[in-house]
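Asker: Here you go, one structure.
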Amino acid sequence: MQTTFAPLTALTSGLAFVHAASPQAAEQQARALGLSPLGGLSPGPAPIGCHAPWLALQMPVLAGHALSCQLWCLPGPTETWERTSDTGIRLRACVAKEGLFLVAEATVNAPMATQSRHLYTELLSALRSSHHPHPLRFWNYLGDIHGTQEGEERYRLFNQGRREAMQTLGYTVTEGAPAACALGCAEGLLRAAVLAGPRPPRAIENPRQVSAYHYPPRYGAMPPVFSRAALLATTPGRGLLLVSGTASIVGHQSLHEGDVQAQTDEALRNIAALLTRGGPNARLADLSGRVYLRHGADAAAVLQRLSAQGVQHLSLLQADICRQELLVEIEAEGWVNHAS
């Protein structure tokens with residue numbers, strides 16, 4: 001399969017992102033900082049020729065889309081390292097002058113709150129000890145996301161452990177939090193990846209939505225920690241907009257239960273609102289990213305709604321969304337013009 005590049009990618013201007021059909025195809029195009037395969041791959045060692053940290057997620061790729069990998073790259077030399085903590089968290093990182101990509105995987109089963117706290121403690125401690133202490137975006141994946149432990153949903157326990165670790169290490173859990181997503185996989189222990197840099201991004205919230213870190217207790221004793229988007233300024237007036245996992249939520253309530261097309265339209269309206277704040281002239285068509293669907297059979301209907309909005313550069317994957325009534329979640333990134 002031919003490698004396809006996300007729009008407005010420019011390796012000479014710093015951080016860039018590429019979508020590709022395979023890790024090998026991606027690394028042939030640019031110096032890899034980090035690689036997050038997002039579908040159709042089995043867990044195990046990295047493929048021959050792939051030197052970047054990566055996650056293998058058993059998420060089916062839908063609708064025949066070939067874009068199953070996301071590559072982050074920077075010009076210049078890179079250094080890699082790997083270690084496993086006493087708490088069973090395996091860390092793999094690639095470091096460049098202007099950025100760091102780190103993958104963290106739990107190797108020992110434990111209650112989800114404990115597993116999450118250990119993973120985020122090790123991950124954030126690694127950032128703190130580097131020249132790239134500022135997380136730009138997190139990706140989180142956990143098996144049985146809607147299962148329960150001790151009477152509480154595993155996703156809510158994940159949020160508890162993440163928040164405890166961030167507070168302990170002095171990271172903000174409200175305004176200024178990085179972009180993030182959290183999806184459910186069919187199996188596997190907790191895994192996460194983070195893109196980090198030497199400077200913090202500008203957090204962006206959506207006026208249509210309550211900030212996730214201010215959700216009421218009905219969504220869990222400890223709310224999620226992420227901003228709706230993060231804007232990383234790369235040159236004067238130019239920046240990379242990182243859109244968190246976005247669903248059919250207005251205020252703090254899920255809308256359009258049972259209607260995947262209406263949920264897709266609502267999620268796109270939320271992203272459009274973020275574009276207005278992050279890059280006034282940006283369009284949905286300028287973004288690349290991933291669409292997670294709870295039911296693979298919804299792929300054709302969702303593609304129809306995406307096409308109607310001019311959205312083309314997206315991969316479709318099957319995954320569990322954080323709320324059981326939500327059928328679709330979209331995360332994206334794109335280069336935008338912004339006020340300096």
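The values are calculated or read from the model by the stated rules, or taken from the named source; none is laboratory data. Fair warning: this is a prediction, and the values are worked out from it, not measured in the lab. Neighbour counts run over all protein chains shown; Cβ positions are idealised from the backbone, glycine included.
Asker: Among all residue pairs at least 6 apart or on different chains, which show Cβ distances below 8 Å where the first residue, located in the stretch 187-206, is within 18 Å of residue 162 (Cβ to Cβ) and the second is of a type in the set (S, T, N, Q) and part of a loop (DSSP other than H, G, I, E, B)?
Answerer: 188/58; 189/107; 189/109; 193/36; 196/130
Asker: Scan the stretch 142-181 for residues that are touching a helix residue (DSSP H, G or I) at 6+ places or on another chain (Cβ under 9 Å) and either of a type in the set (Phe, Trp, Tyr) or part of a loop (DSSP other than H, G, I, E, B) (or both) and report the count.
Answerer: Residues flagged as touching a helix residue (DSSP H, G or I) at 6+ places or on another chain (Cβ under 9 Å) and either of a type in the set (Phe, Trp, Tyr) or part of a loop (DSSP other than H, G, I, E, B) (or both) within the stretch 142-181 amount to 15.
Okay, residues lined up against (1) surrounded by fewer than 23 Cβ atoms within 10 Å (Cβ to Cβ); (2) among the aromatic types (Phe, Trp, Tyr); (3) closer than 18 Å to residue 223 by Cα:
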site	(1), (2), (3)
105	yes, no, no
109	yes, no, no
123	no, no, no
127	yes, no, no
133	yes, no, no
140	no, no, yes
143	yes, no, no
146	yes, no, yes
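Asker: Kindly indicate whether residue 192 is among the aliphatic types (A, V, I, L, M), in a loop (DSSP other than H, G, I, E, B) and over 24 Å from residue 305 (Cβ atoms). Working first, answer last.
Answerer: Values: among the aliphatic types (A, V, I, L, M): yes; in a loop (DSSP other than H, G, I, E, B): no; over 24 Å from residue 305 (Cβ atoms): yes.
So residue 192 fails the test.
Asker: Still on this structure: For the stretch 279-295, state whether one or more residues are at pLDDT 90 or above, closer than 25 Å to residue 142 by Cα, not hydrophobic (A, V, I, L, M, F, W, C) and not in a strand (DSSP E or B).
Answerer: Yes; the residues of the stretch 279-295 include at least one that is at pLDDT 90 or above, closer than 25 Å to residue 142 by Cα, not hydrophobic (A, V, I, L, M, F, W, C) and not in a strand (DSSP E or B).
Asker: Then there's this: Check 310, 334, 239 and return the single one that is in contact (Cβ under 8 Å) with a residue 24 or more places away in the chain and in a loop (DSSP other than H, G, I, E, B).
Answerer: 310
Asker: May I pose another question? Hey, does the stretch 138-153 have a residue that's in contact (Cβ under 8 Å) with a residue 12 or more places away in the chain and in contact with a His (Cβ under 7 Å, 6 or more places away or on another chain)?
Answerer: Yes - at least one qualifying residue is present in the stretch 138-153.
Asker: Among the residues of the stretch 274-305, which ones are β-branched (Val, Ile, Thr) and surrounded by 19 or more Cβ atoms within 10 Å (Cβ to Cβ)?
Answerer: Let us first name the residues in the stretch 274-305 that are β-branched (Val, Ile, Thr), namely 276, 291, 302.
Scanning the stretch 274-305 gives 291, 302.
Asker: Consider residue 60 against the criteria (1) more than 28 Å from residue 156 (Cβ to Cβ); (2) in contact with a strand residue (DSSP E or B) (Cβ under 8 Å, 6 or more places away or on another chain); (3) at pLDDT 60 or above: it satisfies all of them except one. Which criterion is unmet?
Answerer: Condition not satisfied by residue 60: (1).
Asker: Which count do you get for residues in the stretch 270-302 that are in contact with a strand residue (DSSP E or B) (Cβ under 9 Å, 6 or more places away or on another chain), aliphatic (A, V, I, L, M) and farther than 30 Å from residue 153 by Cβ?
Answerer: Within the stretch 270-302, residues that are in contact with a strand residue (DSSP E or B) (Cβ under 9 Å, 6 or more places away or on another chain), aliphatic (A, V, I, L, M) and farther than 30 Å from residue 153 by Cβ number 5.
Asker: If only one of 102, 119, 91, 74 is of a type outside the set (Ser, Thr, Tyr) and closer than 18 Å to residue 157 by Cα, which one is it?
Answerer: 119
Asker: Could you please find all residues in the stretch 200-219 being farther than 16 Å from residue 275 by Cβ, modelled with pLDDT of 95 or more and in a loop (DSSP other than H, G, I, E, B)?
Answerer: Scanning the stretch 200-219 gives 210, 211, 215, 216.
Asker: Pull out all pairs, ordered by first then second residue, where Cβ-Cβ is under 6 Å, the residues are six or more apart or on different chains, the first lies in the stretch 316-327 and is in contact (Cβ under 8 Å) with a residue 24 or more places away in the chain and crowded, with 20+ Cβ neighbours inside 10 Å, and the second is among the acidic types (Asp, Glu) and in a strand (DSSP E or B).
Answerer: Going by the 6 Å Cβ cut-off, the qualifying pairs are 321/329.
Asker: Here's a check for you: in the stretch 70-94, which residue that is among the polar types (S, T, N, Q) and in a loop (DSSP other than H, G, I, E, B) is modelled with the lowest pLDDT?
Answerer: My answer is 78.
Asker: Would you point out the residue of the stretch 220-236, among those that are in a loop (DSSP other than H, G, I, E, B) and among the small types (Gly, Ala, Ser), that is farthest from the chain's Cα centre (by Cα)?
Answerer: In the first step, residues of the stretch 220-236 are kept if they are in a loop (DSSP other than H, G, I, E, B); the result is 220-226, 228, 236.
If we keep only those that are among the small types (Gly, Ala, Ser) as well, we get 220-221.
Working: 220: 21, 221: 23 Å.
Among those residues, the one meeting the criterion is 221.
Asker: Additional query: Starting from residues that are of a type in the set (S, T, N, Q), in contact (Cβ under 8 Å) with a residue 40 or more places away in the chain and part of a helix (DSSP H, G or I), keep the ones in the stretch 242-278 and report whichever is farthest from residue 319 (Cα to Cα).
Answerer: 270
Asker: So in the stretch 46-57, with the set limited to residues that are under 19 Å from the mean Cα position of the chain (by Cα) and outside any strand (DSSP E or B), which one is modelled with the highest pLDDT?
Answerer: Out of the qualifying residues, it is 53.
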